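Notes follow the structure.
The values are calculated or read from the model by the stated rules, or taken from the named source; none is laboratory data. Quick caveat: nothing in here was measured; it's all calculated off a predicted structure. Using ideal geometry, Cβ is built from the backbone for each residue, glycine included, and neighbour counts are taken over all protein chains shown.
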Amino acid sequence: MARFTLPRDIYYGVNSLQTLKTIKGKKAIIITRDDSLKQKGFIKNCIDYLEEAGIETSLFEGIEPDPSVDTVNKGAAAMLSFEPDWIIAIGGGATMDAAKAMWIFYEYPNISITDIKDPFAIPELRTKAKFIAIPTTSGTASEVSAFSIITDYDTKIRYPLTDYEITPDIAILDPALAQLMTPETAAYTGMDAFTHALEAYVAALSTPITDTLALKAMQMINDNLVNSYKKDKKAREDMHIAQCMAGMAFSNALLGIVHSMSHKTSGVLNVHHGFANAIYLPYVIDYNKSVCGSKYAEVANQLGLEGKTEDQLISSLKRRLNEINKSLNIPLNLKDLGVDEKFFFDNLDKIAENAESDACTGANPRRTTNNEFKKLFTSIYYGNEVDY
């Protein structure tokens, strides 16, 4: 039996932020980190809309790009003091990830991050509050996903919390917010979105429903990402929808080892999650193609790429990804990114071990052991062919 879970309501299109006027409740805490949201008046708009709905508001700021356990604990403490019945996260994936984790510890203040690190270990939520997610970037799809990534800076471990309990109740996709992204943010969140869609498409738990969403998302991202990077307004609107569709797919089909590897290297090697995904993806296609080559070929066909045989189509898909990366100024290997060689190999055993135990590894179409992770990481460092 399969399951497909989304927020109860997804509001999108021009002025969809005004949905906040219709919310029923008493108190809402707004979680954010983006100063530009204040400067452009979006936070004030949120507060005004909520006041129009008769809801008292509180603001919690200061979320890091990779939210920490400490920040999550501070946010949960603020919630315990204010006692909101709505938690509203407005920002990028980091903001929503942090707010989701705060939500857990608000409702269950006596548990720890290690109690919920395993997939589907989060206890039942919504005993105190419901959750609204308002994305300002076009990539993470946290507004529709059952995931939250939290970093323990002491141990350098990123915890991908996974449970349908943290799927938001309401998602609001206002295209005006997507226009705030810098070109760099549009690049790495966009490649994160493509990786979400492609990994969901070949994941062990993929279904006809998730496949349909993933294919359409990849087509839209392929058509719009480079123009979104160049600040084209319509492309950014389309990317905002495409990344959400990718999120619908991966939140239900799960992901694979591109994300396992990215989760475990971003903190150690100081490589942004989206950049890491973009670099790793073509290598993982080569690694996985022995067990799901036909699906990669289907993607190439959907994107209108050249090729008649399965191998030709897969080569075209990898070539297209590398073309996009180059257009977005993303290097094609870790050495060219500037990762120090000695530091990389000093940490290789640890990151391979952590990648093997990552929650995303089990859904990858090809089984991957510690030794294979080491080989993959080494190939990706130097830009060598994956032929094993």
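Worth a mention:
- Scope the range 158-173; condition under 24 Å from M239 (Cα atoms) and in a helix (DSSP H, G or I); matching residues: I166
- For G13: the one exception among (1) surrounded by 13 or more Cβ atoms within 10 Å (Cβ to Cβ); (2) in contact with a helix residue (DSSP H, G or I) (Cβ under 8 Å, 6 or more places away or on another chain); (3) within 24 Å of F250 (Cβ to Cβ): (1)
- Considering each residue of the range 90-103 in turn, at least one proves to be over 25 Å from D238 (Cβ atoms), basic (K, R) and touching a residue at least 60 places away in the same chain (Cβ under 8 Å).
- Qualifying residue in the range 264-287 (condition: among the small types (G, A, S), free of Cβ contacts under 8 Å to residues at least 60 places away in the same chain and within 22 Å of I221 (Cβ to Cβ)): yes
- When residues of the range 333-388 are limited to those that are in a helix (DSSP H, G or I) and polar (S, T, N, Q), the one nearest to A204 (Cα to Cα): T361
- Residues being within 21 Å of A98 (Cβ to Cβ) and either exposed (fewer than 15 other Cβ atoms within 10 Å of the Cβ) or under 24 Å from the mean Cα position of the chain (by Cα) (or both) - total across the range 21-38: 10
- Within the range 1-20, the set of residues being among the hydrophobic types (A, V, I, L, M, F, W, C) and in contact (Cβ under 8 Å) with a residue 40 or more places away in the chain comprises A2, F4, L6, I10, V14, L17, L20.
- Taken over the range 215-254, the criterion of being within 13 Å of A176 (Cα to Cα) and either out of contact with any Pro (no Cβ under 6 Å at 6 or more places or on another chain) or crowded, with 23+ Cβ neighbours inside 10 Å (or both) is satisfied by K231, D232, K233, K234, A235, R236, D238, M239, H240, I241.
- Per the conditions (1) in contact with a strand residue (DSSP E or B) (Cβ under 7 Å, 6 or more places away or on another chain); (2) of a type outside the set (A, V, I, L, M, F, W, C); (3) free of Cβ contacts under 8 Å to residues at least 24 places away in the same chain, the sole criterion not satisfied by Y108 is (1).
- The helices (runs of 4 or more DSSP H) found entirely in the range 13-126 that carry 2 or more residues being β-branched (V, I, T) are 42-52, 69-82, 93-107.
- Members of the range 131-157 found to be surrounded by 21 or more Cβ atoms within 10 Å (Cβ to Cβ), assigned to a strand (DSSP E or B) and not β-branched (V, I, T), listed by number: F131, A133, P135, F147, S148
- Scanning the range 158-184 for residues that are β-branched (V, I, T) and surrounded by 23 or more Cβ atoms within 10 Å (Cβ to Cβ) gives T162, I166, T167, I172.
- Any chance G256 is under 21 Å from the mean Cα position of the chain (by Cα) and at pLDDT 95 or above: yes
- Of the candidates A89, A99, A78, the single residue that is touching a strand residue (DSSP E or B) at 6+ places or on another chain (Cβ under 9 Å) and under 18 Å from D152 (Cα atoms) is A99.
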